Amino acid sequence: MHTIALVFGGRSSEHGISCVTAGGILRQIDRSRFDVVPIGVTSDGRFVEVTGDPEHWQITNGLAPHVPDSGDEIILQQSRLGQGKVELRVVRDGGRIEHLAHIDAVFPLLHGPYGEDGTIQGLFELWDVPYVGSGVLASAASMDKDFTKRILEGAGLNVARGVVARASEPRAAVRERASSLTYPLFVKPARAGSSFGVTKVDAPEQLDAALDEAFRFDPKVLIEQGVEGREVECGVLQGENGQAPRTSLPGEVVIGEDLAFYDYESKYFGKGTVTIDIPAAIPEQYVAAVREVAARAFEALELEGLARVDVFVTGAGEVIVNEVNTMPGFTQISMFPVLWENMGISYADLISRLIDNALERGVGLR
């Protein structure tokens, strides 16, 4: 029996969805194999003791749950019980410190900055404890859409044309660089997920407002030229025993005419008309190309564990990488687990597989 810490919540704008993911995993994790210690991360970054009741961590009345600021603080300390063991202690009322658990691995369910960007992965490395997902450098590079594009281009993969803008530079300079792109454009924070701060821009006079919205989430922003094609998503799992990554059949989110694009509210709160088609309705000859590009992106970024690779497939059959997510949405209705359910891997088995991968990989340089 292994003891697994689920870490969720966090400091990013995706705090609530991280908590919903935790509820799904608490509900489905194999309790015959894993003891679970839930650890909440508050919006200001404190590690606190929280309930493991999955019903607590679900969307209620249209509101996502959150980690309470009032929880007893958890202290994390490297143990001498052996490599890969970390002791958790909790600070009770009056400052009394009690032993909570020894953990064998961590499943970080954090999305966005301070969770998916290499920061908390660095902490796990310092603890010498195994964890689910990619390492420090791969997580950081994949979180930053600008650096993701640079690495993928260097590996010979196609990405959308775009320019980078920073909050500190004159808007005139940004508008001048953006003038080389063809409308419509998509303006997005460079290091945020779940479509936070993303705006579709159909004309130059809309650009400044879109930048203002994106800069609310990140001082670094990507302005990308829209791609004419179908956007499809492919799940990737790390290959076993040194084998090539395993890819799912691609899926497609189909939005109705009442939505401009697949935004945060439509992903998680039922806004607009949305259906998910698996497999995606693309010509059969393009399916293999999508899966190959997803696997190549996984390897180019040196990812581990899992990823979801989002691509565009143009009418000419060109596959253009849009984004790479190292900790994709993981609720039971999220695209990543649904893709693998279609491949015969249940949500519960997917959880077990990812934890097993982390335990087998161990710690240290690799």
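The values are calculated or read from the model by the stated rules, or taken from the named source; none is laboratory data. Not measured: the values here are computed from a predicted model. A quick note on method: Cβ atoms are made from the backbone with ideal geometry, for glycine too, and the neighbour counts reach across all protein chains shown. Heads up: the accessible areas ignore ligands, DNA and RNA and are worked out on the full protein's heavy atoms, side chains in. Shrake-Rupley method; radii C 1.70, N 1.55, O 1.52, S 1.80 Å.
Based on the alpha carbon coordinates of region 117-169, what radius of gyration and maximum Cα-Cα distance (Dmax) apply, in Å?
For region 117-169, the Cα radius of gyration and maximum Cα-Cα distance read 14.2, 41 Å.
I want the local charge near Val129. Using Cβ-Cβ distances under 13 Å, sum +1 for each Lys or Arg and -1 for each Asp or Glu among the other residues. Spell out each step's value before the answer.
Values: positive: Lys85, Arg361; negative: Glu87, Asp104, Glu125, Asp128.
Every neighbour counted, the sum reads -2.
In what sequence, largest accessible area first, do Tyr131, Tyr183, Tyr114 appear using a 1.4 Å probe? Present the calculation step by step, with values, prior to reporting the outcome.
Numbers: Tyr131 5, Tyr183 70, Tyr114 110 Å².
Output order, biggest surface exposure first: Tyr114, Tyr183, Tyr131.
Among bridges DSSP assigns within the chain, what percent are antiparallel (round to 5)?
Close to 75 percent.
What does the extension gain come out to for Val363 and Glu55, with contour length at 0.36 nm per residue minus their alpha carbon separation?
Working: separation 308, 0.36 × 308 = 110.88 nm, distance 3.31 nm.
Contour length minus Cα-Cα distance gives 107.6 nm.
How many percent of the accessible area of region 1-114 is carbon or sulfur, using a 1.4 Å probe?
The computed percentage sits at 45.
Run the helix sum for the chain: -39,500 (n - 2.57) per DSSP H stretch of 4+ residues, divided by residue count, reported at 222 nm to the nearest 500 deg cm²/dmol.
Calculated mean residue ellipticity at 222 nm is -8500 deg cm²/dmol.
Can you give the direction-averaged projected area of the convex hull of the alpha-carbon atoms in the chain, in nm²?
Working: hull surface 76.7 nm².
That works out to 19.2 nm².
In percent, what relative contact order does region 97-167 have, based on Cα pairs under 8 Å that are 6 or more apart in sequence?
Values: 54 pairs, mean separation 18.1, N = 71.
Averaging sequence separation for qualifying contacts and normalising by length gives 26 percent for region 97-167.
Could you quote the convex hull projected area for region 4-155, Cα atoms only and averaged over all directions, in nm²? Can you show the working numbers first?
Details: hull surface 42.8 nm².
Approximately 10.7 nm², given one-decimal rounding.
Lysine pairs in the chain with alpha-carbon atoms under 22 Å apart, 8 or more places apart or on different chains: how many are there?
The result is 14.
Considering the options Gly112, Gly315, Ser248, tell which one lies farthest towards the positive end of the dipole of the chain, charges being +1 on Lys and Arg and -1 on Asp and Glu at the Cβ, about the Cα centre.
About the Cα centre, the residue reaching furthest to the positive side is Gly112.
Explain nothing, just the number: relative contact order of the chain, from Cα pairs under 8 Å at least 6 residues apart, as a whole percent. Walk me through the numbers on the way to the answer.
Details: 808 pairs, mean separation 60.3, N = 366.
Taking the mean separation of contacting Cα pairs over the length of the chain, I get 16 percent.
Keeping every protein chain present and rolling a 1.4 Å probe, give me the accessible area per residue for the chain in Å².
Working: 15810 Å² over 366 residues.
Here the per-residue accessible area is 43 Å².
How much accessible area does Glu205 have with a 1.4 Å probe, in Å² rounded to the nearest 10?
Roll a 1.4 Å probe over it and Glu205 shows about 150 Å².
Return, ordered by residue number, the residues of region 161-179 whose backbone nitrogen is under 17 Å from a label point located 7 Å along Cα→Cβ of Glu318.
161-163
At most 16 other Cβ atoms within 10 Å and a DSSP loop assignment: could you name the trypsin sites (Lys or Arg not before Pro) in region 20-70 that fit? Working shown, then result.
On the way: sites: Arg27, Arg31, Arg33, Arg46; in loops: Arg31, Arg33, Arg46.
Answer by residue number: Arg31, Arg33, Arg46.
Please compute the contact order of region 96-226 in relative form: average sequence separation of alpha-carbon pairs under 8 Å and at least six residues apart, divided by the residue count, as a percent.
Details: 194 pairs, mean separation 30.0, N = 131.
Over region 96-226, the number comes to 23 percent.
Considering only protein heavy atoms and a probe of 1.4 Å, how much of the accessible area of region 292-340 is carbon and sulfur, as a whole percent?
On the way: 640 of 1420 Å².
That share works out to 45 percent.
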